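Colleague: Take a look at the following structure, please.
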Amino acid sequence: MKRSNTHPVAKQKTAELKRFYIKMIHTLKHNYFVDDECRKIYLQAQYGKDSLSKLSIEELRAVALLCGYEPKSLGRVKENLKARKEYIFATKKQLDTITGIWNEVARVKSEMALRDFIYRIVKIRPLHLSSLKRAEASDIIKALKNMKERNKDAKQL
């Protein structure tokens with residue numbers, strides 16, 4: 001006797017899994033997509049569908065992983081975490097720290113001077129600070145803290 005996939009329990013489990021993935025994607029979508037329009041453009045380009053509800057479970061899983069979802073069975077592997085953080089934008093706290101320390105230590109406190117400093121550290125010149133990645137922001141903060149320490153040492157002499 002051939003089994004069909006229309007078993008009520010199987011359909012219920014599939015629907016629950018789809019709802020779970022959609023919920024995870026909606027929770028994590030801002031880690032990867034700037035806004036809903038970008039997410040919809042990605043779905044259309046990648047899968048030819050404009051809604052998460054139209055995706056299969058495998059497609060939903062791929063989008064969830066892209067957004068930063070980590071299944072518990074995989075655990076946290078440092079390499080995967082570092083690779084994923086490359087795509088996550090800097091936090092507001094990081095951006096505030098950058099501008100705060102910059103305004104303390106810089107001789108020329110202009111936005112362009114800050115962009116030039118950022119270019120020397122991470123080799124990109126961002127149009128907006130919010131386009132910095134977390135790892136880049138972290139490197140900039142370290143450099144600014146070193147600059148602050150050097151300024152403090154120079155004033156003590």
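Taken together, the values in this text are just the output of simple stated rules run on the coordinates, not laboratory data. Computed from a predicted structure; not experimentally measured. When we count neighbours, we look across all protein chains shown, and the Cβ atoms used for this are built from the backbone with ideal geometry, even at glycine.
Colleague: Restricting things to alpha carbons, find the Rg to Rh ratio for the chain using the Kirkwood radius for Rh. Write out the running numbers ahead of the final one.
Modeller: Values: Rg = 22.3 Å, Rh = 18.9 Å.
Using Cα coordinates only, the ratio equals 1.18.
Colleague: What does the net charge come to around PRO126 if you take all other residues with beta carbon closer than 9 Å to its beta carbon, with K and R at +1 and D and E at -1?
Modeller: After counting each charged neighbour, the total is +1.
Colleague: Tell me the Kirkwood radius of the stretch 14-74: reciprocal of the mean inverse pair distance over distinct alpha-carbon atoms, in Å. Present the calculation step by step, with values, prior to reporting the outcome.
Modeller: Numbers: mean 1/r = 0.0867 Å⁻¹.
Mean inverse Cα-Cα distance, inverted, gives 11.5 Å.
Colleague: Note down, for the stretch 88-130, the three equivalent ellipsoid semi-axes (square root of 5 times each alpha carbon gyration tensor eigenvalue), biggest first, whole angstrom. Could you put the intermediate results ahead of the total?
Modeller: Details: eigenvalues 51, 38, 13 Å².
Its equivalent ellipsoid spans semi-axes of 16, 14, 8 Å.
Colleague: For LYS23 and SER56 in one chain, what is 0.36 nm times their gap in residues minus the Cα-Cα distance, to one decimal in nm? Intermediate results must be reported in sequence, preceding the final value.
Modeller: Working: separation 33, 0.36 × 33 = 11.88 nm, distance 1.44 nm.
Full extension of this stretch gives 10.4 nm more.
Colleague: Just to verify a number: FRET efficiency for GLU111 and ALA154, C-beta to C-beta distance, R0 = 25 Å, to 0.05?
Modeller: 0.50
Colleague: Angle, helix 92-105 long axis vs. longest principal axis of the chain, Cα atoms, 0 to 90°, nearest 10?
Modeller: With rounding to tens, the tilt is 10 degrees.
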